[in-house]
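*Asks:* Shown below is the structure under consideration.
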2 protein chains.
Amino acid sequence: MQIATWNVNSIRTRLSQVLAWLDRQGSLDVLCLQETKVVDEEFPREAFQERGYWVEVYGQKSYNGVALISRDPLEKVERGFAPLLGSVEDWDEQKRVISAVYQGIRILNLYVPNGSEVGSEKYAYKLRWLALLKQYLTVALQQKEPILMCGDFNIALEDRDIYDPKKAGEIMASEPERQALREILALGFQDAFRKFTAEPGHFSWWDYRSGGFQRNRGWRIDHQYLSPDLYEKATACWIDIEPRRAEKPSDHTPVIVTL
Amino acid sequence: MQIATWNVNSIRTRLSQVLAWLDRQGSLDVLCLQETKVVDEEFPREAFQERGYWVEVYGQKSYNGVALISRDPLEKVERGFAPLLGSVEDWDEQKRVISAVYQGIRILNLYVPNGSEVGSEKYAYKLRWLALLKQYLTVALQQKEPILMCGDFNIALEDRDIYDPKKAGEIMASEPERQALREILALGFQDAFRKFTAEPGHFSWWDYRSGGFQRNRGWRIDHQYLSPDLYEKATACWIDIEPRRAEKPSDHTPVIVTL
DNA sequence: GCAATGCTTG
DNA sequence: CAAGCATTGC
């Protein structure tokens, strides 16, 4: 089984690239998309359905938005934090979480806030959101299902995940963010990518600005985190940088795990 | 010798399509472009020069803009109405005219105002501009050079040039516009396309809106007009609708004349 | 419907 | 640098 995560930075703009990539994959089971940037009614479902894929979406206008595209039907679809945390508060004004069960595995697709700048209001929101995610996972883990949690985390957990370790301390690599993510992983998740690859220099995102990709100024901020049973079963995890070479690419490229 | 006219609706957006089309033509001598929508410093000259073409431009920000791309060098290049009508008044705030001599033929590349709606201020501007063009041609014809005048005229001269003759009277087919164009042609120009093809149903422009191209709701508003000596020599004139079928096409497609 | 603009976000 | 938005033009 293969599951991929890809921040496409607008599904409407990237549709042809996503379809071409899907066609090339052949054996993909689930594709988790982030930053679809479209309300559910305008998501191009048909393009995927015509190819035989199942589609579940959770989006909004302009910002954020997540989606699950799968070969077989998805079950027990949950949108946002509310299904597990309750809807007394509106956790889900920003659409950043969608989850479903695929062949007995709970797939959790996340778009973690970017945080803008360390110390900013958006940074505070990112940290609060990560605390919320921890709560959410605490509940989710009580189901005793195997969980695959993937998406754009907007956090490079270790210095080897950044092209320049001097970036440690800045946004996406500050200690509070890393600590928050470590606490989440401590609930019982491991990084599928690091099961197979230890060296630095593997990235999933390159800034559009000032030739970030050409100069390979990348960050590994898109992750596949697995509960212990799945981590045991994982046989591969890799980053496909090909889509980042396209004309008008997303700034992110897919990360794929094989179970 | 082959000369083409093509309203590309932004040369920066259409560059790859224009280059691919040029590559397919092989024997093209001069390509007259309209609606380049770019200031001269930002025109992508290099892309053409690398392929061995000569480039002359006359553009502005956002709107209008014309250019000449040629296999051999162009001589006696003139920008706007001013070179023949004098610069006491600013005829050329809108960049709509460029002209040059190619192998002894004066090529005149025009982007006639659209006119928006019959009776509007822009419609009045269109009629004034056509009167100005008539004056300009009166001077130009004194040079006794053969003249090829082509471009986007934004006028369908006869009912057979529109998908629906009921459009006669509306913008691009109103009697004052047609009369103004007839007066211009009466100075000594003939329609190269109609030398070879009499039937209706041949168009060079289809509105982007409401599936104009798919329903073949077209207009023939891009023209190749020739002075008598050249008209005599013309051996073919046709519309290449292939570029209009492209992804993200211009709303116009090229018209080519062979001399 | 598809360009352009200037604006905001990442 | 490239999305989104709203506005303008054709």
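The values are calculated or read from the model by the stated rules, or taken from the named source; none is laboratory data. Being a predicted model, the structure only gives us computed values, none of them experimental. Counting neighbours? That spans all protein chains shown, and the Cβs are built from the backbone with ideal geometry, glycine included. For accessibility, only protein heavy atoms count, side chains too; no ligands or nucleic acids. Shrake-Rupley method; radii C 1.70, N 1.55, O 1.52, S 1.80 Å.
*Asks:* Quick one: in the stretch A:107-153, which of the residues that are in contact with a Pro (Cβ under 7 Å, 6 or more places away or on another chain) and either under 17 Å from A:Cys32 (Cα atoms) or in contact (Cβ under 8 Å) with a residue 12 or more places away in the chain (or both) is surrounded by the most Cβ atoms within 10 Å (Cβ to Cβ)? Walk me through how you get there before you give the answer.
*Replies:* Of the stretch A:107-153, the ones in contact with a Pro (Cβ under 7 Å, 6 or more places away or on another chain) are A:122, A:125-127, A:129.
Then keep just the ones that are either under 17 Å from A:Cys32 (Cα atoms) or in contact (Cβ under 8 Å) with a residue 12 or more places away in the chain (or both); that gives A:125-127, A:129.
Values: A:Tyr125: 15, A:Lys126: 25, A:Leu127: 16, A:Trp129: 20.
Ranking the candidates gives A:Lys126 first.
*Asks:* Regarding B:Gly218, is this residue at pLDDT below 95 and within 16 Å of DNA strand D (Cβ to nearest atom)?
*Replies:* no
*Asks:* Go through (1) touching a Phe, Trp or Tyr at 6+ places or on another chain (Cβ under 7 Å); (2) more than 16 Å from DNA strand D (Cβ to nearest atom); (3) free of Cβ contacts under 8 Å to residues at least 40 places away in the same chain and name the single condition A:Leu84 misses.
*Replies:* (3)
*Asks:* Going by the conditions given, is A:Ile221 closer than 28 Å to A:Ile11 by Cα and under 16 Å from the mean Cα position of the chain (by Cα)? Quick ask: steps written out before the conclusion?
*Replies:* On the way: closer than 28 Å to A:Ile11 by Cα: yes; under 16 Å from the mean Cα position of the chain (by Cα): yes.
The answer is yes for A:Ile221.
*Asks:* Kindly list, by first and then second residue, each pair from a residue in the stretch B:162-175 that is more than 20 Å from B:Leu127 (Cβ to Cβ) to a residue that is open to solvent by 30 Å² or more (accessible area, probe 1.4 Å), limited to pairs with Cβ atoms under 7 Å and residues at least 6 apart or on different chains.
*Replies:* B:Tyr163/B:Asn216; B:Tyr163/B:Arg217; B:Pro165/B:Asp159
*Asks:* Now, a different point. Starting from residues that are more than 21 Å from B:Arg128 (Cβ to Cβ) and touching a Lys or Arg at 6+ places or on another chain (Cβ under 7 Å), keep the ones in the stretch B:58-85 and report whichever is nearest to the other protein chains (Cβ to nearest Cβ).
*Replies:* Taking the candidates together, the pick is B:Ser62.
*Asks:* Among the residues of the stretch B:47-75, write down those that are away from DNA strand D (no atom under 16 Å from the Cβ) and among the β-branched types (Val, Ile, Thr).
*Replies:* B:Val55, B:Val57, B:Ile69
*Asks:* While we're looking at this one, here's another question. Which condition from (1) among the aromatic types (Phe, Trp, Tyr); (2) more than 16 Å from the chain's Cα centre (by Cα); (3) within 16 Å of DNA strand D (Cβ to nearest atom) is the one that A:Phe196 breaks?
*Replies:* The failed condition is (3).
*Asks:* Regarding B:Ala156, is this residue in contact (Cβ under 8 Å) with a residue 40 or more places away in the chain and in a loop (DSSP other than H, G, I, E, B)?
*Replies:* yes
*Asks:* In the stretch A:1-24, which residues are free of Cβ contacts under 8 Å to residues at least 40 places away in the same chain and either β-branched (Val, Ile, Thr) or away from DNA strand D (no atom under 11 Å from the Cβ) (or both)?
*Replies:* A:Ser16, A:Val18, A:Leu19, A:Ala20, A:Asp23, A:Arg24
*Asks:* Considering the stretch B:176-194 alone, what residues qualify as being in contact (Cβ under 8 Å) with a residue 40 or more places away in the chain and either open to solvent by less than 30 Å² (accessible area, probe 1.4 Å) or within 14 Å of chain A (Cβ to nearest Cβ) (or both)?
*Replies:* Hits for the stretch B:176-194 are B:Glu177, B:Ala180, B:Leu181, B:Ile184, B:Leu185, B:Gly188, B:Phe189, B:Ala192, B:Phe193.
*Asks:* Does B:Lys61 satisfy being near DNA strand C (Cβ under 10 Å from one of its atoms), farther than 14 Å from B:Tyr111 by Cα and without any contact (Cβ under 8 Å) to a residue 60 or more places away in the chain?
*Replies:* Yes.
*Asks:* Check A:Arg217, A:Arg182 and return the single one that is among the charged types (D, E, K, R), in contact with a helix residue (DSSP H, G or I) (Cβ under 9 Å, 6 or more places away or on another chain) and farther than 16 Å from A:Gln17 by Cβ.
*Replies:* A:Arg217
*Asks:* For the subset of the stretch A:32-41 comprising residues that are without any contact (Cβ under 8 Å) to a residue 40 or more places away in the chain and surrounded by 14 or more Cβ atoms within 10 Å (Cβ to Cβ), which member is nearest to DNA strand D (Cβ to nearest atom)?
*Replies:* Per the criteria, the residue is A:Lys37.
*Asks:* Please specify each residue of the stretch B:195-214 satisfying the condition of being under 13 Å from B:Thr253 (Cα atoms) and either open to solvent by 40 Å² or more (accessible area, probe 1.4 Å) or assigned to a loop (DSSP other than H, G, I, E, B) (or both).
*Replies:* If the condition is that a residue be under 13 Å from B:Thr253 (Cα atoms) and either open to solvent by 40 Å² or more (accessible area, probe 1.4 Å) or assigned to a loop (DSSP other than H, G, I, E, B) (or both), then B:His202, B:Phe203, B:Ser204, B:Asp207, B:Tyr208, B:Phe213 are the ones that fit.
*Asks:* Residue check: is B:Arg96 open to solvent by 10 Å² or more (accessible area, probe 1.4 Å), within 12 Å of DNA strand C (Cβ to nearest atom) and under 21 Å from B:His223 (Cβ atoms)? Walk me through how you get there before you give the answer.
*Replies:* Working: open to solvent by 10 Å² or more (accessible area, probe 1.4 Å): yes; within 12 Å of DNA strand C (Cβ to nearest atom): no; under 21 Å from B:His223 (Cβ atoms): yes.
For B:Arg96, the condition - open to solvent by 10 Å² or more (accessible area, probe 1.4 Å), within 12 Å of DNA strand C (Cβ to nearest atom) and under 21 Å from B:His223 (Cβ atoms) - is not met.
*Asks:* Looking only at the stretch B:215-259, which residues are within 14 Å of chain A (Cβ to nearest Cβ) and open to solvent by less than 60 Å² (accessible area, probe 1.4 Å)?
*Replies:* Matches in the stretch B:215-259: B:Ala246 only.
Residue-wise test of (1) of a type outside the set (Gly, Ala, Ser); (2) within 16 Å of DNA strand C (Cβ to nearest atom).
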{"residue": "A:Leu157", "(1), (2)": "yes, no"}
{"residue": "A:Gly169", "(1), (2)": "no, no"}
{"residue": "A:Ala180", "(1), (2)": "no, no"}
{"residue": "A:Ala192", "(1), (2)": "no, no"}
{"residue": "A:Trp205", "(1), (2)": "yes, yes"}
{"residue": "A:Arg209", "(1), (2)": "yes, yes"}
{"residue": "A:Glu242", "(1), (2)": "yes, no"}
